[in-house]
């Protein structure tokens, strides 16, 4: 299919100093939870991005010295020459597809607690470390320290070029870099030539840019990643950055603009639309002749085109969109816009970094599995024994199972008991702020509709007798899960005492438009992810007096890992929601909710006309259980039968999609769930 000529400008080559990017699609640096620990996984993931058409593929943060490390988090490392082989895996994988490989160096300064190296961190001023609760304080860098840091950066640049990188970064963004800390009036309290005026606070960044250009000497381009606004009290603003660009705008070969800290730069779709950074970045390109890259969770080719045509950006930067669809550039180039797998902005990808686990994606279940399981975002190996596959349930797991099985060449029948496909995704996408999540369904349904070997039927239930009456070779029971009404969750592993005098609702009730009519509603959150906060917002907007009760320290506690917890809590407070933390529901009796302090055990009554329990779910696995119990009755050709997704084990939407993919990928062989490739440390090796 031919490319729409409107998008030709997106595929123009762009010079970056001594190198040339083949198009305007730029995978900016992003973390992934693999780093130095999983080099083969990391290289394969970056290689797939290059295969998908990204002109530049960058690393995550790469530490240049053990005086700045962020254990327990797993980032890249280029401490010395012993790290070169891991980086050559990355550059080889990227170069194999005619893309440029970029490396983002970092010295974390005030953001490095050094819990592993145990070396006291250092920064512009003697302040507590930033972004950590650890009892660690940085020491103030001396002039000698500054010279040593400059030497470390020069040495790292030489190593990066030896490893094959085409672009070397000087990083001053996200509040995570020594160079940004020096630039910041909030953190730089110095009175010498590196503090005080903007010119002085800029001095270190300017010197390191000059050093890096000198070492690179035309062998690699030099990029500067700069936060254009700190978004902090006492921090610098975009007006300061305009002044910075008037001073050093022509120094690096490329500018990569970000906003604030990570939570400002990677806003979820619930709180920020596509292109949300445009107002801050617009106009900065006018202050430099060098190419500019910026981000904004770009998923629309039309928006990308506008960014370039209006002179906002030269490159379309992407982290999350490149995770959701590593083949986004190639699909636009080939005119396959209907195949774009758009990022939903849920930030489940970010959780991998925070939990030191390999990156994952709700839309793209192959993310992080390219090497260890051999999964690819656009194709699957043909089935060795093509057969007939029945998928019962059209939620995220069922849709993915049907899609992947169809790609493998099986004949697939998908049956859904309700009038619509989507399962929990369709229901949750109707809640405040979650409309983009509908893309999980839309993408899969679009791909399935294009497959002649996949058929689907609505308002179709299946009994065990009916399943056994057909000649299917494989059966996936993807019938989802139901929210519990009895309060069982993390705090209570047995039902909460309830005399029936307080009406109890579940998320399933609210998503089916069965809302409490009562005025005073308590939302009890022992799930601790996003849903209780969304439902509290829904009820508050519907005019209820909402009390949010949770045993956790904050609302929607696990959303700290998706970078949105602060915004969620602020929104609920703005809506007048009363928030009670560190308290659990102890009982429902005589028209009152009895709450209990999780520390002291003391109880007190809490007026409630209704309660919404957001605690745990029960898998709807009855069909699978019955079929497994009747194994003796299976047709001779039935080889695989299991529950999939939430019907197997309730979890995130990303986990359900991943399990749907796994089901289909494993139809050719035994289920050996614990076995996948991994990089194994060599005992006795010195590193």
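Values in this text are rule-based calculations from the coordinates and carry no lab data. This one's a predicted model, so the numbers in the text were calculated from it and none came from an experiment. Note that each Cβ is placed from the backbone with ideal geometry, even for glycine, and that neighbours are counted across all protein chains shown.
Length gained on full extension, residue 309 to residue 470, computed as 0.36 nm times the residue gap minus the Cα-Cα distance: 52.3 nm. In terms of packing, defined here as the mean over residues of other Cβ atoms within 10 angstrom, the peptides 189-201, 101-113, 571-583, 85-97 line up highest first as 101-113, 85-97, 571-583, 189-201. Counting other Cβ atoms within 10 Å as a rough exposure proxy, the listed residues 60, 604 run 604, 60 from fewest neighbours to most.
In the chain, helical runs assigned H by DSSP with n ≥ 4 each contribute -39500 (n - 2.57); averaged across all residues and rounded to the nearest 500, the mean residue ellipticity at 222 nm is -8500 deg cm²/dmol.
Helix 84-95 sits at what angle to the longest principal axis of the chain, using alpha carbons and giving 0 to 90 degrees rounded to 10? Once rounded, one gets 70 degrees. Legend: Rg and Dmax of the range 486-617, from Cα coordinates, 13.4, 40 Å. Computed from the C-alpha gyration tensor, the three semi-axes of the ellipsoid equivalent to the range 544-683 are 42, 23, 15 Å, from longest to shortest. Using the Cβ-Cβ distance between residue 150 and residue 246 with R0 = 22 Å, the FRET efficiency computed as 1/(1 + (r/R0)^6) comes to roughly 0.40.
Distance between the C-alpha centres of the range 562-616 and the range 295-312: 42 Å, rounded to the whole angstrom. Diffusion coefficient of the range 347-425 by Stokes-Einstein, Kirkwood radius over Cα pairs, 20 °C, 1.002 mPa s: 152 µm²/s. Each residue of the chain gets 171 Å³ once the volume of the Cα convex hull is shared out per residue. When peptides 42-50, 127-135, 150-158 are sorted by average Cβ neighbour count within 10 Å, with the highest value leading, the order is 42-50, 150-158, 127-135. Take the alpha carbon gyration tensor of the range 425-493, find the square roots of its eigenvalues, order them as a ≥ b ≥ c, and report rounded if a/c is under 1.5; if not, report prolate when a/b exceeds b/c, else oblate. Because a/c hits 1.5 or more and a/b fails to exceed b/c, the range 425-493 counts as oblate. Scoring 272-284, 336-348 by mean Cβ neighbours within 10 Å over their residues and listing the highest first yields 336-348, 272-284. Listed by Cβ neighbour count within 10 Å, with the fewest neighbours leading, 515, 414, 204 appear as 515, 204, 414. Using a/c under 1.5 as the rounded threshold, could you call the range 123-205 rounded, prolate or oblate? The axes a ≥ b ≥ c are square roots of the C-alpha gyration tensor eigenvalues, and prolate needs a/b larger than b/c, oblate otherwise. Because a/c hits 1.5 or more and a/b exceeds b/c, the range 123-205 counts as prolate. In the chain, Cα pairs under 8 Å separated by at least six residues give a relative contact order of 12 percent. Taking a ≥ b ≥ c as the square roots of the eigenvalues of the Cα gyration tensor, the range 371-523 is prolate, since a/c reaches 1.5 or more and a/b is larger than b/c.
Taking the number of Cβ atoms within 10 Å of each Cβ as an exposure proxy, the fewest-first ranking of 437, 54, 262, 483 is 262, 483, 437, 54.
Whole Å is fine, so just give me how far the alpha carbon centre of the range 189-235 lies from that of the range 343-382. Cα centroid to Cα centroid, the span is 34 Å. Evaluated at q = 0.08, 0.11, 0.15 Å⁻¹, the base-10 log of the normalised Debye intensity for the range 5-354, with identical point scatterers placed on the Cα atoms, takes the values -0.34, -0.66, -1.32. If you plug the beta carbon distance of residue 338 and residue 286 into 1/(1 + (r/R0)^6) with R0 = 35 Å, you get a FRET efficiency near 0.45.
Per residue, the average separation of C-alpha pairs within less than 8 Å and at least 6 apart gives the range 5-354 a relative contact order of 17 percent. Between the C-alpha center of the range 46-86 and that of the range 478-557 there is a gap of 42 Å.
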